[in-house]
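Working notes, structure below.
The values are calculated or read from the model by the stated rules, or taken from the named source; none is laboratory data. Predicted model, so just to flag it, every value in this text is computed and none were measured. FYI the Cβ positions are ideal-geometry reconstructions off the backbone, even for glycines, and counts take in every protein chain you see.
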Amino acid sequence: MKRKLDSILLVDDDESSNYFHQLIINKLNCAEHVHQACDGREALEILNDGINGKFPIPSVIFLDVNMPGMNGWDFLEEYEKLDETKKIKFG
């Protein structure tokens with residue numbers, strides 16, 4: 001039996017893209033949880049505030065680079081500053 005990812009975070013300002021990606025992930029049955037954020041700021045809020053019991057730390061983050069407000073590049077700069085306990089663990 002294949003091991004599932006614990007959590008995937010989709011970060012995209014396009015609702016239809018998030019919906020489509022979640023459908024595919026659910027059909028593949030490859031993750032226990034899928035969460036969505038509409039921009040980089042919301043994704044950081046999920047990582048900072050939502051981790052404690054509400055959202056597991058994502059195993060994978062799918063990130064749209066071109067978004068209004070905080071785009072993907074801005075998100076990556078802020079992600080680097082996060083406490084290590086709130087980042088993806090490799091290995």
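Note on the stretch 1-20: residues that are within 12 Å of the chain's Cα centre (by Cα) and either more than 21 Å from Phe55 (Cα to Cα) or in contact (Cβ under 8 Å) with a residue 40 or more places away in the chain (or both) total 7.
Rundown of residues vs (1) over 14 Å from Asp6 (Cα atoms); (2) surrounded by fewer than 17 Cβ atoms within 10 Å (Cβ to Cβ); (3) among the charged types (D, E, K, R); (4) in contact with a Pro (Cβ under 7 Å, 6 or more places away or on another chain), yes/no style:
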residue: Met67; (1), (2), (3), (4): yes, no, no, no
residue: Met70; (1), (2), (3), (4): yes, no, no, no
residue: Asp74; (1), (2), (3), (4): yes, yes, yes, no
residue: Leu82; (1), (2), (3), (4): yes, yes, no, no
residue: Phe90; (1), (2), (3), (4): no, yes, no, no
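Scan the stretch 67-85 and tell me whether some residue there is among the polar types (S, T, N, Q) and not in a helix (DSSP H, G or I). Within the stretch 67-85 (the criterion being among the polar types (S, T, N, Q) and not in a helix (DSSP H, G or I)), the answer is yes, since at least one residue qualifies.
Annotation note: Cβ proximity below 9 Å between a residue of the stretch 35-51 that is touching a residue at least 24 places away in the same chain (Cβ under 8 Å) and a residue that is of a type in the set (Lys, Arg) (sequence gap 6+ or interchain) occurs for Ile46/Lys54; Leu47/Lys86; Leu47/Lys87; Asn48/Lys86; Ile51/Lys86. Scanning the stretch 57-66 for residues that are under 12 Å from the mean Cα position of the chain (by Cα) and assigned to a loop (DSSP other than H, G, I, E, B) yields a count of 4. Each residue in the stretch 50-68 was checked for being at pLDDT below 90 and either of a type in the set (A, V, I, L, M, F, W, C) or under 17 Å from Leu10 (Cβ atoms) (or both), and 6 pass. Within the stretch 4-42, the only residue that satisfies the criterion of being touching a helix residue (DSSP H, G or I) at 6+ places or on another chain (Cβ under 9 Å), among the small types (Gly, Ala, Ser) and within 17 Å of Lys89 (Cα to Cα) is Ala31.
Tell me, which residue of the stretch 49-91 that is among the small types (Gly, Ala, Ser) and in contact with an Asp or Glu (Cβ under 7 Å, 6 or more places away or on another chain) is nearest to Ser17 (Cα to Cα)?
Of the stretch 49-91, the ones among the small types (Gly, Ala, Ser) are 50, 53, 59, 69, 72, 91.
Cutting the leftovers down to in contact with an Asp or Glu (Cβ under 7 Å, 6 or more places away or on another chain) gives us 59, 69, 72.
Details: Ser59: 20, Gly69: 18, Gly72: 15 Å.
Ranking the qualifying residues of the stretch 49-91, first place goes to Gly72.
Give the residues of the stretch 59-75 that are in contact (Cβ under 8 Å) with a residue 24 or more places away in the chain and out of contact with any Lys or Arg (no Cβ under 9 Å at 6 or more places or on another chain), sorted by residue number.
Within the stretch 59-75, the subset in contact (Cβ under 8 Å) with a residue 24 or more places away in the chain is 59-64, 67-72, 74-75.
Passing the criteria: Val60, Ile61, Phe62, Leu63, Asp64, Met67, Pro68, Asn71, Gly72.
Tally time: how many residues in the stretch 10-56 are surrounded by 12 or more Cβ atoms within 10 Å (Cβ to Cβ), hydrophobic (A, V, I, L, M, F, W, C) and part of a helix (DSSP H, G or I)? So the count comes out to 6.
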